[in-house]
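K.L.:
Before I ask anything, here is the structure I am working with.
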Amino acid sequence: MYVPAHSVLFPFRTQVRELLLYTDDISQELFLEINADGSVSGSSVQSPNCVLELRSVKAGETVIKGVATSLFLCMDSEGKLRGQRGFAEKDCVFKELILEDGYTCFRSPHNGLSVSLPSKQLRQKHGTSLSRFLPIMDKQEDSQIQDVKQYFQDVNLDSDDPFGMGHQLHIQSIYSPSLHSKK
Amino acid sequence: MAVWSVSLSVVLCLSLWRTAVCGSHHLWLQTLNDTHVHSQFPRGFLWGVGSSAFPTEGSWDADGKGESVWDRFTHSSRTSVDTADVASDSYVLWDEDVEALQYLGVKFYAFSLSWPRIFPDGNATSEPNWAGVAHYRRLIRRLKDVDVEPVVTLHHWDLPQTLQERFGGWLNPNLVDIFADYARFCFQTFGGDVRYWLTIHNPFLLAVQGYGTGAHAPGLRGERQHHFIAAHNIIRAHAKAWHIYDKHFRCHQRGRVSITLGSHWVEPLHGQTTSANLDLCQKSMEAVMGWFAEPIHGSGDYPASLKASNRGVLPEFSPQEKMWIRGSADFFSLAFESETLNAAKGLASFGQMVTLELRKVLLWVQQEYRDPDVLLPDSGWFSDQSVGVEDTVAIYMLKRFIKQLLHAVSTDGVKVLGYSAWSLLDGFEWNHGYGRRRGLFYIDFTRPKRHRIPKTSAHFYRQIVNDNAFPDNHTQHMIHAHFPCDFQFGVSDSTLQVHLSPFSPQFTDPHVYRWNYSGDGSLRPVAGMVLHTRGSQCTDFLFIQRHLLLLEAVGASHYRFALDWSELVPSGDVSSADVEKLRFYRCVLSEVRRRGIQAVVMLYNPSYRSPSLGLPVPLHANSGWRNHSTVEAFVKYATLCFREFGALVPVWITINEPNRLSEMYGGNAEDRRTVERYALLAHAKAWHVYRQHFRQRHGANVSLALHANWVEPANPFLESHKVAARRFLWFELGRFLDPLIGRGDPDARDSREAGSSPIGFTDDEKAELRASLDFIALNHFTTHLVSPQKSQERGSSLMTDHTWTSSPMGQPVVPWGVRRMLSWMKSRYGNSLPVIITASGVDDRAAVDDQLRQSYIRSYLQEALKAKHETECNKTSLQEQHCVDVEDSSKDSHDLQFGLFTSAAHHSRPKASVNLYRDIISRRGFPSTSDPRPPCQRADISTSCRFCATMTESKPLLFFSVCVSFIIIFIIIICVLRKRKKRITTQQLHH
């Protein structure tokens, strides 16, 4: 899914973080995942559908998109989550609030409800425990996407050194894999 | 019959429709094959160089030349003070240009005619300016004399100013006929000597920059449709010129005519090949190259996508015109350079990424326009004017283009006739003036006499032209041979962590349990009952078995790993060594030995992963290797290890990469030298301890391992770069190995070159260091380029050649580097000491099918084999060991991905390279299929005790035969007994 030039997202198309949204309570640890059928659920393992693209569109406002499925995370007026192909500003933009404990809460400015995963103890407390998320880095061994990104790096067409050979001149130390491999 | 033909035509339509819709989409989806077989270009490939009239000729009003739109544009420009009034002075110094061509050795010269020099008012029906005509006649004549093919462009943007004023330039359809008259004159006048004609150069830039953005002359910046109208007339003018040639000149001049079209290339944004992105990429290509190529080389009309998005502003061709334009080119002439890329990025990138993939452009041309012959008269990048003659980066830009060209020609089969580097001379680079330089020859525009001085890129291009090959002379041929029997294959780990748990408790628990089987099924210890347990055994450490299984899977004969100093001696004082951890390592070593694998044990492996850099914490707190007490502590620790493990270890490495260790501490040059000095002293002292107390008993070899990447001068044509490479090797290796190997006092020259002093030992220390090395151990991973830089201590800085294959973490894969490193070692230190490569490898993100690592292992071993062969010719013994990291099995998945196996968290799965490496080991190299000679046999077994060998080989047979003989003996005994019994009974009977 690309962002058309006339969309409100266009100027912000580079403000992107790629990560997983982790949440937990006493009984479980989950990653938010957007499935290809548009359902949104919590996965106990890191699946490709858990990799999300967080795009800042305005100060404090974020759009969340599944990388594998290219679906936007959207919320209807009752707070129910779904993955949706078309972007709707009303349903798919969330206010990103960072809580004191470092967790993040995503709240819809439209209806004031938070992004939350259904908890197992649904009857006891409604959706309070699983609306705090910790954004974590994606560390999965997913070679293909990364390799392509590596290969076609953005080149500076105005430079006489578009591949940045000269930029390496300032690196003082020589990299040795031995020193960086795990203890 | 009718039904048949209808259905056939339906099928035809369908297939046509499919190609039309799919276009070249798969170009963005397919991964191109990057492994080329040979670096040679086809025989007869045309190497050339290009230039253009306006930027180089100068003499703007000499000998009756008329004013061009560019003359007017530069003279009236308010922003720029530069003009091309003199420029490179080629109108006067044209014979020096021909000398420059001869220096390069090129086969063709692509230059352009100045229209206003031949017809000052542009009108080709009037009398020409004979001085101008004579100039070009002379030039062409001379080119023919020196065997350089002229490739002549009729119009490279310098339109006569009169035509601009009278008609409004290319906006006026009258220009079509006026240009055609001019073309006819040129064909007639010069055509006898010209095989390749190009009508107009890069009409995309001419239309967009001249009539759209206004960056180029005539600098019109107006209506949106203007550049479409200009382009429309240019296409028709070209077609008319081509038809004139085709009709009147082709039969006796036998030349070929085309038009040079500029192009860019786009890749889907972030590599996301969604169908929306692919459509936009296709659209982007059609809006730049397709705009001109589709009418001329394709259907005769503008691309559908261009028409759809510019409805109402894009002029239309009449059906007759389409027929007339279509096919009006005898080959495809392509320009691929920065200006077009930049303009295309601004005008038609549609949010996709503009890249420098010449190969893909050529593939596009091949697929879209029915595999035409292609000529590249204008291709290359630019340098800043400050770069001068030493244009190192330009060499690598040129190299990159040529590598892509090679792939297109030899791998993809694009029919490229020839390639021309742009340009011959520095000149007036249009809107960039003299700030940008594109020449292979440098000109100092501040001096009155415009001397042509070859840049280093000229030397480079000359070499390519001369060899007719891509300068990658090293890795091409594969040799088929065995590694000699003393060559050893290993696997290496970094620090092997102590894993006391998981631990199997089954033989260590002294309690007796009662099992409540019928009740709750629980086990309860019986009070007061304690049994004797078996003593602890190595099999209790579950980690060891599992870990060594991986080693066995590889089939290597050597295993290198490092002990964890900070774990073994946490306080730094050997009297308080951790007994349990010592036992763990002893278990590892004895299990390694039991499997017939030789251990290569490293005492100290500095690592950024450890907060104390791998040292015991108190030592680190006490400023670590900057403090002499660390030397003492190390020697004691080494003595402990020699004593504890000596019997199990055939090879010791004291310190890993002392040349990197000093960088870990930072500080100034003096501080770093202190660290280096202490590290070397610590090694030497440990070596002496081993020699005095352990050598006789255990006989192991002791050395230290240096980080030894190879370097090449970034610019091979500059002495300063060669010096930088020598300096680097001295700084990285010579400084450490010279005192250890005891190489006289050769430092003087090297250190003077390096501009920095050697490590600086006292005479006593020198004596202690001398000859304290049993072999040379190198950790070789990759190769760098170096260029001189005064500000750095080692006097050089590193670069990477981006034509080299590179790993995801940016480590270049340069197999021939290892060969050069080994031959450098040999030339500097002779053959007295064996060389062991104790670590080598590459990161590869693939979880299972690690293609990059496979090719790394294969090619690096190939080169090691070549090195071995080279040195063997000189009767040397080179013992070598190739090691690849086995990934450690702690749970952290954020890892370097250097492993042959995935991490334990991913179940230690073997990657594909394990099989490859195992295969190479079992065949001992790369034997040819016709050479079934079995790899090394243990000669001692086969000759000394053939019977034992056969017996050991057939243990079941032995067992069987023993059984059989037992039975036979038994039967005999029974028989004998029976007989005796019988005899006794008969005797009794007789009695």
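The values are calculated or read from the model by the stated rules, or taken from the named source; none is laboratory data. Because the structure is a prediction, the values reported are computed rather than measured. FYI the Cβ positions are ideal-geometry reconstructions off the backbone, even for glycines, and counts take in every protein chain you see. These area figures cover heavy atoms from the full protein model, side chains too; ligands, DNA and RNA do not enter into them. Shrake-Rupley method; radii C 1.70, N 1.55, O 1.52, S 1.80 Å.
K.L.:
Inside region B:802-843, can you point out the residues that are buried (at least 21 other Cβ atoms within 10 Å of the Cβ), facing another protein chain (nearest Cβ under 9 Å) and in contact (Cβ under 8 Å) with a residue 60 or more places away in the chain?
P.N.:
B:Ala839, B:Gly841, B:Val842
K.L.:
Moving on to the next point. Looking only at region B:370-384, filter to residues that are in contact with a Phe, Trp or Tyr (Cβ under 6 Å, 6 or more places away or on another chain) and modelled with pLDDT under 95; which one of those is farthest from the other protein chains (Cβ to nearest Cβ)?
P.N.:
The qualifying residue farthest from the other protein chains (Cβ to nearest Cβ) is B:Asp378.
K.L.:
Pick from region B:279-308 the residues that are among the aliphatic types (A, V, I, L, M) and within 22 Å of B:Asp371 (Cα to Cα): which of them is surrounded by the fewest Cβ atoms within 10 Å (Cβ to Cβ)?
P.N.:
Result: B:Ala304.
K.L.:
Output the number of residues of region B:850-863 satisfying the condition of being aliphatic (A, V, I, L, M) and surrounded by 24 or more Cβ atoms within 10 Å (Cβ to Cβ).
P.N.:
1
K.L.:
Are any residues in region A:13-65 within 14 Å of another protein chain (Cβ to nearest Cβ), closer than 19 Å to A:Phe106 by Cα and either in a loop (DSSP other than H, G, I, E, B) or open to solvent by 30 Å² or more (accessible area, probe 1.4 Å) (or both), and if so, which ones?
P.N.:
A:Gln15, A:Val16, A:Arg17, A:Glu18, A:Val51
K.L.:
Out of curiosity, is B:Leu785 at the interface with chain A (Cβ under 9 Å from one of its Cβ atoms), in contact with a strand residue (DSSP E or B) (Cβ under 7 Å, 6 or more places away or on another chain), in contact (Cβ under 8 Å) with a residue 12 or more places away in the chain and buried (at least 23 other Cβ atoms within 10 Å of the Cβ)?
P.N.:
When the stated conditions are applied, B:Leu785 passes them.
K.L.:
Restricting the first residue to region A:154-183 and requiring it to be more than 7 Å from every other protein chain (Cβ to nearest Cβ) and open to solvent by 10 Å² or more (accessible area, probe 1.4 Å), which pairs with a second residue that is assigned to a loop (DSSP other than H, G, I, E, B) and modelled with pLDDT of 80 or more meet a Cβ separation below 6 Å and a spacing of at least six or different chains?
P.N.:
From residues that are more than 7 Å from every other protein chain (Cβ to nearest Cβ) and open to solvent by 10 Å² or more (accessible area, probe 1.4 Å), the pairs are A:Asn156/A:Pro162.
K.L.:
Follow-up. Could you check, for region B:238-246, whether at least one of its residues is part of a loop (DSSP other than H, G, I, E, B) and closer than 28 Å to B:Val49 by Cα?
P.N.:
no
Yes or no, residue by residue, for (1) closer than 30 Å to B:Cys485 by Cα; (2) not assigned by the TED database to the domain that holds B:Val617:
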| position | (1), (2) |
| --- | --- |
| B:Tyr513 | no, yes |
| B:Gly521 | no, yes |
| B:Asp540 | no, no |
| B:Gln545 | yes, no |
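K.L.:
Limited to region B:314-350, what total is found for residues that are open to solvent by 30 Å² or more (accessible area, probe 1.4 Å), within 13 Å of another protein chain (Cβ to nearest Cβ) and assigned to a loop (DSSP other than H, G, I, E, B)?
P.N.:
1
K.L.:
Turning to a different aspect of this structure: What are the residues in region A:73-96 that are open to solvent by less than 60 Å² (accessible area, probe 1.4 Å), touching a residue at least 24 places away in the same chain (Cβ under 8 Å) and part of a strand (DSSP E or B), if any?
P.N.:
Residues satisfying the conditions are A:Leu73, A:Met75, A:Leu81, A:Gly83, A:Gln84, A:Val93, A:Phe94, A:Glu96.
K.L.:
Restricted to region B:89-103, and to residues that are out of contact with any Lys or Arg (no Cβ under 6 Å at 6 or more places or on another chain) and hydrophobic (A, V, I, L, M, F, W, C), which residue is least open to solvent (accessible area, probe 1.4 Å)?
P.N.:
B:Leu101
K.L.:
Looking at this structure, is A:Ser41 touching a residue at least 24 places away in the same chain (Cβ under 8 Å), of a type in the set (Gly, Ala, Ser) and touching a Lys or Arg at 6+ places or on another chain (Cβ under 9 Å)?
P.N.:
No; evaluated as a whole, the condition is false for this residue.
K.L.:
Checking B:Arg250 against (1) open to solvent by 20 Å² or more (accessible area, probe 1.4 Å); (2) without any contact (Cβ under 8 Å) to a residue 24 or more places away in the chain; (3) closer than 26 Å to B:Asp378 by Cα; (4) assigned to a loop (DSSP other than H, G, I, E, B), which single condition isn't satisfied?
P.N.:
Just one mismatch for B:Arg250, condition (4).
K.L.:
For region B:187-218, give me the residue count where each residue is β-branched (Val, Ile, Thr) and within 23 Å of B:Val69 (Cα to Cα).
P.N.:
So the answer is 4.
K.L.:
Return the total of residues in region B:533-561 being open to solvent by less than 10 Å² (accessible area, probe 1.4 Å) and among the acidic types (Asp, Glu).
P.N.:
1
K.L.:
Of everything in region B:122-153, what is touching a Leu at 6+ places or on another chain (Cβ under 6 Å) and β-branched (Val, Ile, Thr)? Give them in sequence order.
P.N.:
B:Val148, B:Thr153, listed by residue number.
K.L.:
Can I ask one more? What number of residues within region B:410-420 satisfy the criterion of being assigned to a helix (DSSP H, G or I) and crowded, with 21+ Cβ neighbours inside 10 Å?
P.N.:
Going through region B:410-420 one residue at a time, the tally reaches 0.
K.L.:
Can I ask one more? Given the conditions (1) more than 14 Å from chain A (Cβ to nearest Cβ); (2) surrounded by fewer than 24 Cβ atoms within 10 Å (Cβ to Cβ); (3) assigned to a helix (DSSP H, G or I), and given that B:Phe401 satisfies all but one, which numbered condition is not satisfied?
P.N.:
(1)
K.L.:
For region B:637-751, which fully contained strands (runs of 3 or more DSSP E) count at least 3 residues that are in contact with a strand residue (DSSP E or B) (Cβ under 8 Å, 6 or more places away or on another chain) and among the β-branched types (Val, Ile, Thr)?
P.N.:
Details: elements: B:651-656, B:701-707, B:710-713.
Filter on region B:637-751 gives B:651-656.
K.L.:
Still on this structure, please answer the following. If the requirement is being open to solvent by less than 20 Å² (accessible area, probe 1.4 Å), assigned to a loop (DSSP other than H, G, I, E, B) and of a type in the set (Val, Ile, Thr), which of these qualifies: B:Val106, B:Val86?
P.N.:
B:Val106
K.L.:
Go over the candidates B:Phe382, B:Phe470 one by one and state the one that is among the aromatic types (Phe, Trp, Tyr), open to solvent by less than 30 Å² (accessible area, probe 1.4 Å) and farther than 23 Å from A:Leu157 by Cα.
P.N.:
B:Phe470
K.L.:
What number goes with the only condition from (1) of a type outside the set (Lys, Arg); (2) crowded, with 22+ Cβ neighbours inside 10 Å; (3) closer than 14 Å to B:His135 by Cβ that B:Ser52 does not pass?
P.N.:
(3)
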